[in-house]
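Report on the structure given below.
Values quoted throughout were computed directly from the atomic coordinates according to the rules given, and no laboratory measurement underlies them. In this text the structure is predicted, and so the values were computed from the model without any measurement. Cβ: placed from backbone, ideal geometry, glycine included. Neighbour counts: every protein chain shown.
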Amino acid sequence: MTTRQTSIDEDDFQAFVDGQLAPERRRAVMAYLAAQPGESARMGDYRTINEGLHQLYDEVLYEPLPTRLRIDHYRGRTSWRDRLQRWFGFGVFGLTPRLVGLAALLVASGAGGWWMHNSRPPVETPGMTFARQAANAHLVYVPDMRHPVEFGADQQANLLSWLSERLGASIHAPILQEAGFELVGGRLLPASGKPAAQLMYEDLGGKRITLYIALRWSPGTPAQPEGSVIYWTEGQVALVYWIEGALAYALIGEMDREQLFATADTIQHQLDLPVLAPPAEQTATTEKDAT
């Protein structure tokens, strides 16, 4: 019996980032990326660029076409060739000083524009960096069927204690049964030289979501209101993220926008719960000692 190898090429990567792959092909690419962390990081960079372009230019892309650019605006008017010829004119050699000067200006401005473009460093906010790291971790570990987590749900107490110690803040595993998900487990991850945590959940159909947790970024950066949830997309994977207290959270998975916000709201409400009272035995002992 022979095993068929699935070939993944750059066209697949580009379609994956743009969300244009069929489900079966997308799963093949995700499995490939899970085994190639370097390629997964490159896809994360592609998605960051893609999202940045959409945030900058979508408003212009979908705005109505100005009247001066519509075809019917020029019906019955002099042709554009006649207008250009009248504006530029033609000398003995086909070019006038006006046209030569304009050509030189276009060449100089184009060269200057490309120089500025290439010399300008990419701008990425701390929130964008956090979202990209969360999405990359999701893409790497969610497809893994053998070792998706370091600690399983049966070791939840040890997992949360370990993650809390490493991050220096109390880490909780929200209960998401109302959304149809059970805790699979979690792991410790690196995030720009600092520790981060990933909790993984799964529903009855095998669909997985992850909750990515890291220390919040510096309050001196552009302000993001405490607890305000921001929506972000990474190809076919969508996420929401927010900051709360000493930590930043990102919920990632193949869920629609409303589901993500609803699940994030459930998580936020559980994070606000008061600390549990001490066990009954300890309380009884304390009362006995008091008497």
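Loop-only GluC sites (Glu not before Pro) in segment 127-225, please: DSSP not H, G, I, E or B, and at most 10 other Cβ atoms within 10 Å.
none
How high is the relative contact order of segment 126-271, given as a whole-number percent (alpha carbon pairs under 8 Å, six or more residues apart)?
21 percent.
Debye sum, Cα scatterers, segment 126-271, no solvent: what log₁₀ I/I(0) at q = 0.10, 0.11 1/Å?
-0.29, -0.36
To make sure I understand, if each residue's beta carbon is the centre and we count other beta carbons within 10 Å, what order do 213, 8 fall in, fewest to most?
Arranged by neighbour count, lowest to highest, 213, 8 become 8, 213.
What distance in nm lies between label points placed 7 Å from Cα along the C-beta direction at residue 39 and residue 20?
1.9 nm
So how do 231, 46, 201 line up by other beta-carbon neighbours within 10 Å, fewest first?
231, 46, 201
Mind sorting 25, 146, 187 by how few other Cβ atoms lie within 10 Å of their own Cβ, fewest first?
Least crowded to most crowded, the residues run 146, 25, 187.
If we count every other residue with Cβ under 14 angstrom of residue 176's Cβ, Lys/Arg +1 and Asp/Glu -1, where does the sum land?
The answer is -3.
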